[in-house]
Amino acid sequence: MPDGHVRSHFAIARYDRLAGNRRVHFHSFAGIAELDFDAPHDYRDLMEITDRVTRDQREVREVFRRMVFNVLARVRDDHAKNHGFLYTPEAPALQRWKLAPAFDVCFASPGRFLRHALSIAGEAVNPTKRHVLTLADEFSVNDAGAIIEEVSDAVAAWPTYAKNAGLSDLRVREIQSYQIPYAAFNG
């Protein structure tokens with residue numbers, strides 16, 4: 001590039017298309033719940049809507065998993081338009097709505113995002129395991145401990161993923177310094 005900067009791009013297949021470029025209807029959490037995405041909301045709301053829309057406890061567990069990841073990896077740009085649902089008319093009647101794949105998941109620099117856009121059981125600045133487990137209890141996520149441990153292991157592997165993606169050691173250490181280690185989260 002003339003300015004000396006190297007630019008990289010990441011592209012994946014669209015999740016809202018079927019074979020033959022047929023569209024799959026997408027609805028954001030904000031849209032389906034008629035929410036102002038800039039207003040504060042809670043993962044409790046997302047879990048409730050997920051339960052009502054999908055009627056599938058596996059989807060509720062997946063929201064829980066994503067919430068734990070966002071807490072431990074410090075993904076705070078988790079507003080109501082960054083979660084969504086896909087509608088597949090060919091699926092059986094009670095399985096037509098599913099969570100869309102996770103998207104727009106990125107590290108939130110401390111100066112830019114001081115809080116989670118979706119609070120965790122009312123706490124948006126420093127959610128703890130207690131907050132996470134409150135929602136696990138409310139939504140019958142019976143394997144919450146195992147999910148927390150699994151997600152924590154994945155977040156702990158950040159340096160390996162980052163190195164494979166070509167991030168500098170300085171940037172890897174910077175991002176890692178804000179992540180919440182398993183021992184601290186469980187403490």
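Each reported figure results from applying straightforward, stated rules to the coordinates on display, with no laboratory input. Source: prediction; values computed, not measured. Cβ: placed from backbone, ideal geometry, glycine included. Neighbour counts: every protein chain shown.
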Highest mean packing first, using Cβ neighbours within 10 angstrom, the peptides 164-177, 49-62, 95-108, 68-81 sort as 68-81, 49-62, 95-108, 164-177
Taking a crude spin-label model, label points 7 Å out from Cα along the C-beta direction, the PHE103 to ALA184 distance in nm is 3.2
Given unit charges at Cβ for Lys, Arg (+) and Asp, Glu (-), the dipole magnitude of the range 23-186 about its Cα centre in debye, nearest 20, is 360
If the chain between THR88 and HIS25 were fully extended at 0.36 nm per residue, the gain over the current Cα-Cα distance would be 22.0 nm
If the chain between VAL6 and ALA146 were fully extended at 0.36 nm per residue, the gain over the current Cα-Cα distance would be 46.4 nm
Between the residues VAL53, GLY145, ALA108, the Cα farthest towards the positive end of the dipole of the range 40-185, that dipole coming from +1 and -1 charges on the beta-carbon of Lys, Arg, Asp and Glu, is from ALA108
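Diagonalise the Cα gyration tensor of the range 43-163 and give the resulting equivalent ellipsoid semi-axes, square root of 5 times each eigenvalue, largest first, whole Å.
Numbers: eigenvalues 116, 53, 45 Å².
In descending order the semi-axes read 24, 16, 15 Å.
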Note to self, the chain gives a 222 nm [θ] from helices alone (DSSP H runs n ≥ 4, -39500 (n - 2.57) apiece, / all residues, nearest 500) of -12000 deg cm²/dmol
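Given the Cα-Cα distance of ASN126 and ALA39 and 0.36 nm per residue of separation, how much length would full extension add, in nm?
Working: separation 87, 0.36 × 87 = 31.32 nm, distance 1.85 nm.
Extra length available between ASN126 and ALA39 comes to 29.5 nm.
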Relative contact order in percent for the chain (Cα pairs under 8 Å, 6+ apart) equals 22
Counting only residues 5 or more apart in sequence or on a different chain, those whose built amide H sits under 5 Å from that of ASP78 are ALA117, LEU118
Once the in-chain neighbours fewer than 8 apart are removed, the lysines whose Cα is under 29 Å from LYS98 read LYS81, LYS129
